[in-house]
Amino acid sequence: MINIFFNKISKSFLPLLSFISLIFIWQILSVLQVFESWLLPSPFAILVELFDSKHFLFRHTLVTAFEIFVGLFFAIFLGSILGFSMTLSKILERSFLPYIIASQVIPIFALAPILIVWFGAGFLSKIIVVFLISFFPVCIGVFDGLRRSNIDMENMLKTMGANNYQIYSILKIKLALPSFFSGLKVASVSSVIGAVVAEWIGSKAGLGWIMKVSGPLFHTERVFASILLLSLFASLLFLLVKIAEKKFIKGV
Amino acid sequence: MISGVLDPSLGKIKLNGSSKRLGKIAYMQQKDLLLPWLTVQENVMLPFKIKKNDTKNNFKDMLEKSKILGIEEYLQFFPNELSGGLKQRVSLLRTILQNSEFILLDEPFASLDAITRLELYSWIEKIKEHINKSIILVTHDIEEAIFLSDHVIIMSSGKNNFSYELPITLEHPRNTKITINNEFFNLKKLLLENLRKVKSID
């Protein structure tokens, strides 16, 4: 009984404890001026910056979030359509799949500058980078999920007189959901990276832009505040996908 | 092949003169094949949903038969919350609700333990009274064949095409006690003798 109790506490409490200790040690080292504050600002200074420039930071978080959401939306929409069509037609699969996979060897860092030249330093180029980086996991997730069907269940539905449309709506789409959500989880994390990279390379707004301009000005609190916001946003996005996954996948 | 999922490479299988069988023969397999994301009720209503006659009358029909099979209290459960025997009972109910002319049971008890299997025999005996359908049971269990059937056919695979028919005259409703009476014993002996002709059994 005591053991179970201790297990429960240690599961949620110990990670928190180690986190707080780390922050605490960091703060003490900063107060003792072990390292220069412009190199590594204290946790408290970061919090102060977060609070003082909250309007400024919030506005730019919204910019980044907007790029991510729009890019991710199109990746989910078009990725699902292409993934779905490739399971329906061998011709589509053979003509697209090799290139979708091959396109992943091009690093997004190399592609982003060209996209910014083509589509400008505004939202469009960022959305396209986010789209490109999250399209692949979603598309492959849908494609693999739909192919990994259960032939016995399919046959059972057929003996009930189900048509092809019903086999998809009742069975195949449901069976593909776990794979789709795995893809979406990967996409949600990498989409944040995509947005920041694109902002870094050429933009006038967003958290990536803040990091880029604040660094050379030795405004390191601001860089850290942006990193904090960005990780918070990425975690939130991941959590959102997990909640959706739980809602859609029942009883499996 | 009987169900229509596969077509024979030679010859024809006809049901009332037509070789179109999909949707006309209810087919229950060894695996329960319940969709894990649907409740028991949604699972057994599936045949109605597919044929788009998800009506109140059919729902009542389902309730009635679920009572006979003793699963009415599990209707809101998900399949993974049920035992193996219960799952097969749900699967049996879903098969029956297809309202097809024939019911094909393909070793539906093979994955169950001996006691659960006996229980299921009684459930089948019970529900048989309420549905007026021909049932084809495929099995490798001699006692199961005698207990549940009115007519046993031994078929062999391969080229020698041996088949043997035996009517089972035991009275309905049957219970497990008959498995130890003389008549049952004699039938079993007869079937075993004929099985020996195709299989190497001592």
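With a Förster radius of 51 Å applied to the beta-carbon distance between residue A:34 and residue B:80, the computed FRET efficiency rounds to 0.35. Projected onto their three principal axes, the Cα atoms of chain A cover extents of 76, 64, 30 Å, largest first. The ellipsoid that matches the Cα gyration tensor of the stretch B:25-138 has semi-axes, each √(5λ) in whole angstrom, of 20, 17, 13, with the longest given first.
Note on exposure: A:48, A:70 ranked by accessible area (1.4 Å probe, complete protein assembly) read A:48, A:70, with the most exposed listed first. Which one, A:154, A:67, A:199, has the greatest fluctuation when you compute a Gaussian network model over chain A with C-alpha springs under 10 angstrom? Sorting by GNM fluctuation, first place goes to A:154.
The reciprocal of the average 1/r between distinct C-alpha atoms defines the Kirkwood hydrodynamic radius, which for the stretch B:142-202 equals 12.3 Å. Structural size metrics of the stretch A:91-205, computed from C-alpha coordinates, are Rg and Dmax of 18.5, 60 Å. In order along the stretch A:43-50, the phi-based Karplus estimate (6.51 cos²θ - 1.76 cosθ + 1.60, θ = phi - 60°) of 3J(HN,Hα) comes to x, 5, 4, 5, 4, 4, 4, 4 Hz; Gly and Pro are listed as x. The amide H of residue B:102, built 1.01 Å from its N in the peptide plane, has B:26 as neighbours under 5 Å, considering only residues 5 or more places off or on other chains.
Charge dipole of the stretch B:88-165 (Cα centre as origin; +1 on each Lys and Arg Cβ, -1 on each Asp and Glu Cβ, all else neutral): 240 debye, rounded to the nearest 20. Lys and Arg at +1, Asp and Glu at -1: add these up for the other residues within a Cβ distance under 14 Å of residue A:71 and post the number. Every neighbour counted, the sum reads -1.
Residues in the protein assembly as shown average 57 Å² of solvent-accessible surface per residue, probe 1.4 Å, ligands and nucleic acids excluded.
Accessible surface buried by the B/A pair amounts to about 1900 Å², both sides summed, 1.4 Å probe. Coupling constants for the stretch A:150-165 follow from the phi torsions by the Karplus curve (6.51 cos²θ - 1.76 cosθ + 1.60, θ = phi - 60°), and in residue order they are 10, 5, 5, 5, 4, 4, 4, 5, 5, 5, 7, x, 6, 8, 4, 4 Hz; glycine and proline get x. Neighbours of residue B:22 by Cβ distance under 14 Å: Lys/Arg scored +1, Asp/Glu scored -1, total +3.
Across the protein assembly as shown the C-alpha pair distances fall into 10 Å bins from zero in the proportions 4, 15, 18, 17, 14, 12, 10, 6, 4, 1 percent. Rounded to whole numbers, the Karplus 3J(HN,Hα) couplings from phi for the stretch A:120-137 are x, 8, x, 5, 4, 5, 5, 4, 5, 5, 4, 4, 4, 6, 9, 5, 4, x Hz, using 6.51 cos²θ - 1.76 cosθ + 1.60 with θ = phi - 60°, and x at Gly and Pro.
A simple spin-label model places pseudo-atoms 7 Å from Cα toward Cβ; at residue B:151 and residue B:127 they are separated by 2.2 nm.
Under a Gaussian network description of chain A, with springs only between Cα atoms under 10 Å, the residue in A:62, A:217, A:229 that fluctuates furthest is A:217. Within the shell of other residues whose beta carbon sits under 15 angstrom from the beta carbon of residue A:42, the net charge comes to -3, with Lys and Arg scored +1 and Asp and Glu -1.
Both radii come from the Cα set of the stretch A:161-252: Rg as radius of gyration, Rh as Kirkwood radius; their ratio Rg/Rh reads 1.24. Principal axis extents of the C-alpha atoms in the stretch A:1-97 (largest first, rounded to whole Å): 67, 50, 24. Taking chymotrypsin sites (Phe, Trp or Tyr not before Pro) as exposed when their DSSP state is a loop state and no more than 15 other Cβ atoms lie within 10 Å, the longest site-free interval of chain A runs over A:39-217.
Between residue A:204 and residue B:10, the FRET efficiency estimated from the beta carbon spacing at R0 = 60 angstrom works out to 0.20. Solvent-accessible area assigned to carbon and sulfur over the protein assembly as shown amounts to 65 percent, based on a 1.4 Å probe. Quantify how much of the Cα-Cα distance distribution of chain B extends past 28 Å, in percent. For chain B, the fraction of Cα-Cα distances above 28 Å is 33 percent.
The values are calculated or read from the model by the stated rules, or taken from the named source; none is laboratory data. Treat the numbers as computed from the prediction; the structure is a model and nothing was measured. Every residue, glycine as well, gets a Cβ built from its backbone with ideal geometry; the counts of neighbours run over all protein chains shown. Accessible surface is based on the protein model in full, side chains and every heavy atom, while ligands, DNA and RNA are left aside. Shrake-Rupley method; radii C 1.70, N 1.55, O 1.52, S 1.80 Å.
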